[in-house]
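A short worksheet on the structure shown next.
The values are calculated or read from the model by the stated rules, or taken from the named source; none is laboratory data. Every value quoted in this text rests on a predicted model; they were computed, and no experiment measured them. FYI the Cβ positions are ideal-geometry reconstructions off the backbone, even for glycines, and counts take in every protein chain you see. What goes into the accessible areas is simple: the full protein's heavy atoms, side chains included, and nothing from ligands, DNA or RNA. Shrake-Rupley method; radii C 1.70, N 1.55, O 1.52, S 1.80 Å.
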Amino acid sequence: MHFLRSLVFNFATYCGSFFSTLLALPTLVMPRAAMQYLARMLGFYIIFCVRFIINTKIIFKGLDNIPKNRKFFIASAHQSICETFVFNAVLNAPIFIVKAELFKIPFYGWCIKKLGFIGIHREKVTKDHLVFLEKTAETINKETSPLIIFPQGTRIKNNERVPLKKGVSRIYEKANVACIPVKLNTGDVWPKDSFFRFPGEICIEFKKPIEPGLNSNDFMNKLEKEIYD
């Protein structure tokens, strides 16, 4: 039964992603809002699949902590591909910071470029990182959509604790806006590099803003506490 449920879920999510990419192709020549709408619908579709195929409810906490009338960015824990889908359902067309290699994937890369995603070359030299920081700060202050960064750098297990990448503190200082930490446990239900999906309960919690003005060490300590503790 568990194998069958995982098989059906994986097939459903694959089909949803595949067909949403096909539907998105015409929107490449349309205003960005059209593709943002498709991304939002895919987010709701994934929530539906999680709820009714693997019998798991997704609970969002702290949505009232998201500022309404001022700039901010989100620093989220990253355990699963799940959050990259469902954030679209509860946030206003979020812009993700992703690995630059993803832009090379046919069709998918075109779509995320259209959505305004920002690519980072994690192994590149300092000059590339300076350009990246400038572009990220500009995006935060120019766009109405929130920017999301995964400061752990990659997906990890729910009980795993890794040091956060210092780039998030540089974004915090450069943009000079509040940071919203997000704590979650998606890896318990939808673990990385695993065929199986497990029933349970997913909680995605938006913590209170970390206001601008902290030094790098204080910011990183506070962000780690909010994401892990």
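On a full-extension model of 0.36 nm per residue, what is the gain between Lys61 and Glu201, subtracting their alpha-carbon distance, rounded to one decimal in nm? Mind dumping the intermediate values first?
Values: separation 140, 0.36 × 140 = 50.40 nm, distance 1.28 nm.
So the extension gain works out to 49.1 nm.
Express the accessible area of the stretch 1-146 per residue in Å², computed with a 1.4 Å probe while the remaining protein chains stay in the model. It would help to have the intermediate numbers written out before the result.
On the way: 8150 Å² over 146 residues.
On a per-residue basis, 56 Å².
Set the Förster radius R0 to 30 Å, insert the Cβ-Cβ distance between Asn141 and Met41 as r into 1/(1 + (r/R0)^6), and round the FRET efficiency to 0.05. Write down the numbers at each step before the final one.
On the way: r = 28 Å, r/R0 = 0.94.
Between Asn141 and Met41 the formula returns 0.60.
When only DSSP loop residues count, what trypsin sites (Lys or Arg not before Pro) in the stretch 166-221 have their Cβ near at most 16 other Cβ atoms within 10 Å? Intermediate results must be reported in sequence, preceding the final value.
Values: sites: Lys166, Arg170, Lys174, Lys183, Lys192, Arg197, Lys207; in loops: Lys166, Lys192, Arg197, Lys207.
Sparse-neighbourhood loop trypsin sites (Lys or Arg not before Pro): Lys166, Lys192.
Can you pull the Rg over Rh of the stretch 145-184, Cα-only, Kirkwood?
Numbers: Rg = 11.2 Å, Rh = 11.5 Å.
Radius of gyration over Kirkwood radius for the stretch 145-184 works out to 0.98.
Rank by packing, highest mean first: peptides 176-182, 43-49, 96-102, 66-72, with packing defined as the count of other Cβ atoms within 10 Å averaged across residues. Spell out each step's value before the answer.
Values: 176-182: 21.0, 43-49: 19.1, 96-102: 17.0, 66-72: 11.6.
Result, highest mean first: 176-182, 43-49, 96-102, 66-72.
Using the Cα gyration tensor of the stretch 26-126, with a ≥ b ≥ c the square roots of its eigenvalues, what is the shape: rounded (a/c below 1.5), prolate (a/b larger than b/c) or oblate (neither)? Walk me through the numbers before you get to the answer.
Numbers: a/c = 1.44, a/b = 1.28, b/c = 1.13.
Note, shape of the stretch 26-126 comes out rounded.
Starting from the stretch 131-182, pick out the GluC sites (Glu not before Pro) whose DSSP state is loop and whose Cβ has at most 16 other Cβ atoms within 10 Å.
Working: sites: Glu134, Glu138, Glu143, Glu160, Glu173; in loops: Glu143, Glu160.
Within the stretch 131-182, the qualifying GluC sites (Glu not before Pro) (loop, at most 16 other Cβ atoms within 10 Å) are Glu143, Glu160.
From zero outward in steps of 5 Å, how is the percent of C-alpha pairs of the stretch 134-209 spread across the bins?
Binned Cα distances yield the sequence 3, 13, 20, 22, 16, 13, 9, 4, 0.
Cα-based Rg of the chain per 2.2 N^0.38 Å, rounded to two decimals? Spell out each step's value before the answer.
On the way: Rg = 17.3 Å, N = 229, 2.2 N^0.38 = 17.3 Å.
Normalised Rg, Cα atoms only: 1.00.
Of Lys114/Lys222; Lys104/Lys165; Lys114/Lys208; Lys104/Lys192; Lys68/Lys104, which ones are farther than 28 Å apart at the Cα?
On the way: Lys114/Lys222 34 Å; Lys104/Lys165 24 Å; Lys114/Lys208 30 Å; Lys104/Lys192 22 Å; Lys68/Lys104 35 Å.
Lys114/Lys222; Lys114/Lys208; Lys68/Lys104, as the Cα separations exceed 28 Å there.
Taking θ = phi - 60°, what integer Hz values does the Karplus form 6.51 cos²θ - 1.76 cosθ + 1.60 yield along the stretch 206-212, in sequence order, with x for Gly and Pro?
8, 7, 5, x, 8, 5, x
How much length is gained if the chain between Lys113 and Glu224 is pulled fully straight, taking 0.36 nm per residue apart and subtracting their Cα-Cα distance, in nm to one decimal? Numbers along the way, then the final one.
Values: separation 111, 0.36 × 111 = 39.96 nm, distance 2.97 nm.
Once the chain is fully extended between Lys113 and Glu224, it gains 37.0 nm.
Antiparallel versus total DSSP beta bridges in the chain: what percent is that, nearest 5? Present the calculation step by step, with values, prior to reporting the outcome.
On the way: 4 of 22 bridges.
The antiparallel fraction comes to roughly 20 percent.
Counting only helical runs of four or more DSSP H residues, what would the 222 nm mean residue ellipticity of the chain come to if each run contributes -39,500 (n - 2.57) and the total is spread over all its residues? Present the calculation step by step, with values, prior to reporting the outcome.
Numbers: 7 runs with 99 residues, N = 229.
Rounded to the nearest 500, it is -14000 deg cm²/dmol.
Counting only residues 5 or more places away or on other chains, whose amide H sits under 5 Å from the amide H of Gly119 once H atoms are built in the peptide plane?
Residues meeting the amide H criterion: Val98.
Go ahead and set up a Gaussian network model of the chain, Cα springs under 10 Å, then flag whichever of Ser216, Ser80, Ser194 fluctuates most.
Ser194
Suppose a student asked you for the relative contact order of the chain, using Cα pairs under 8 Å spaced at least 6 residues apart; what percent would you report?
Relative contact order for the chain comes out at 28 percent.
On a 0 to 90 degree scale, rounded to 10, what angle separates helix 32-52 from the longest Cα axis of the chain?
Helix 32-52 sits roughly 50 degrees off the main axis of the chain.
Going Cα to Cα from Lys142, which aspartates and glutamates come in below 13 Å? Please leave out same-chain ones fewer than 8 positions away.
Counting by Cα, and skipping residues close in sequence, Lys142 has these aspartates and glutamates nearby: Glu134.
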